[in-house]
Amino acid sequence: MKRAAIVGMGAIYPIHSAAIQALDGIELVGVCDIDAKKRAAAPEGVPAFEDVREMVEQTHPDCVHVCLPHYLHYPISKQVVEMGVNVLCEKPVALNGREALEFRRLEQEHPEVKIAVSLQNRLNETTEELVRIIGSGEHGKVMGIRAEVPWYRPLAYYQAEPWRGRWDQAGSGVMMNQAIHTIDLMYLLGGPVQRIKASVEQILDYGIEVEDTVSARFQYENGAIGHLYATNANFKNEGVNISVDLEHASFRMRDNVLYEVGEGNVETKLVEDQKLPGSKFYYGASHKKLIRGFYDCLEDGSDEYIHVRDAYMSVHLIDVIKDSGLTGSWANV
């Protein structure tokens with residue numbers, strides 16, 4: 001039986017807690033938050049702590065899930081890793097590329113500890129199938145990628161957790177909070193990016209620091225072109241859409257379904273993701289799959305999980321997009 005603990009009992013906490021409690025062979029042995037009201041909502045029989053070190057020393061977990069605001073991901077993960085405990089860190093891996101590089105060095109310096117990052121959309125059935133198709137080479141190389149994240153966040157979203165609207169605590173707005181999974185998939189599917197030109201904007205009158213809308217053009221090293229559009233200013237939350245054109249075939253991921261697109265724009269369904277129940281279906285349902293897989297790695301010693309080195313590029317690309325938005329010119333990756 002593997003022992004799990006969670007630090008941070010905010011918005012993403014219920015997904016981790018529910019997954020841990022639903023999976024065989026994992027026991028939730030502790031939770032941690034500085035907010036007494038949140039600690040009071042700990043599952044029955046699970047001790048709640050205010051201090052991370054105290055939780056680790058008293059509960060002896062095999063893994064600590066870091067479910068905190070962005071600016072705490074690296075420092076708290078570092079504290080846990082230096083105590084010799086495995087970490088499963090929520091996205092983003094860090095506030096920016098510089099901090100992500102520090103996290104990579106920490107990973108290299110502690111090979112005895114496993115550190116996984118929750119970029120769980122890599123494990124969606126649609127993503128895995130499209131990665132397989134691209135990797136097979138049967139339809140030629142990637143020529144173009146288009147990705148859309150048409151979401152909505154009310155002012156209350158930022159008022160409830162003010163750190164979400166601050167550069168120094170969130171790292172970015174819609175890119176870091178909502179579109180990071182999509183940016184990660186654009187890299188996973190298209191490969192290395194050479195340069196980016198972007199428009200980074202606020203079109204909502206919320207009085208926050210970070211962006212709510214971004215449009216970016218990617219030039220990939222293999223000559224492919226990518227386009228990203230992400231916004232929190234839509235009128236509702238809709239599914240993420242990703243289109244990929246190969247030399248001899250086209251594919252679309254729309255509403256959690258992967259289609260091959262034939263002549264006359266006729267779509268053939270290939271595979272569908274599992275979905276979360278309720279109104280937040282667009283989050284995807286692969287957290288549980290990611291958590292199960294990581295604990296299997298803790299059991300058998302394998303490295304088949306999403307490492308810090310894998311997650312670094314998603315944050316670095318956001319830095320590059322921000323740089324281009326500031327200068328109005330191309331920014332090299």
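Worth a mention:
- A helix-only calculation puts the chain at -10000 deg cm²/dmol for mean residue ellipticity at 222 nm, using -39500 (n - 2.57) for each DSSP H run of at least four residues, averaged over all residues.
- Within the shell defined by Cβ-Cβ distances under 15 Å, the residues around residue 209 carry a net charge of -2, with Lys and Arg each +1 and Asp and Glu each -1.
- For residue 28, residues with placed amide H under 5 Å, excluding near neighbours: 4
- Taking 19 Å as the cut-off, the amide N atoms of the range 305-325 that come nearer than this to a point 7 Å along the Cα-to-beta-carbon line of residue 215 belong to 321-325.
- Cα-based Kirkwood hydrodynamic radius, the chain, one decimal, Å: 20.6 Å
- Inverse of mean 1/r across different Cα pairs in the range 195-291, Kirkwood, Å: 16.1 Å
- Checking the cross-link pairs 91/289; 38/236; 197/288 against a 24 Å limit on the alpha carbon distance flags 38/236; 197/288 as lying beyond it.
- For the options 199, 77, 302, a Gaussian network treatment of the chain with springs between C-alpha atoms closer than 10 Å singles out 302 as fluctuating the most.
- Computed over the range 1-67, the range of Cα coordinates on each principal axis works out to 29, 25, 21 Å, biggest value leading.
None of the figures in this text is laboratory data; all of them are computed from the coordinates on show. Just so it is clear, the structure is predicted and the values come from calculations on it, not from any experiment. Note: ideal-geometry Cβ built from the backbone for every residue, glycine included; neighbour counts use all protein chains shown.
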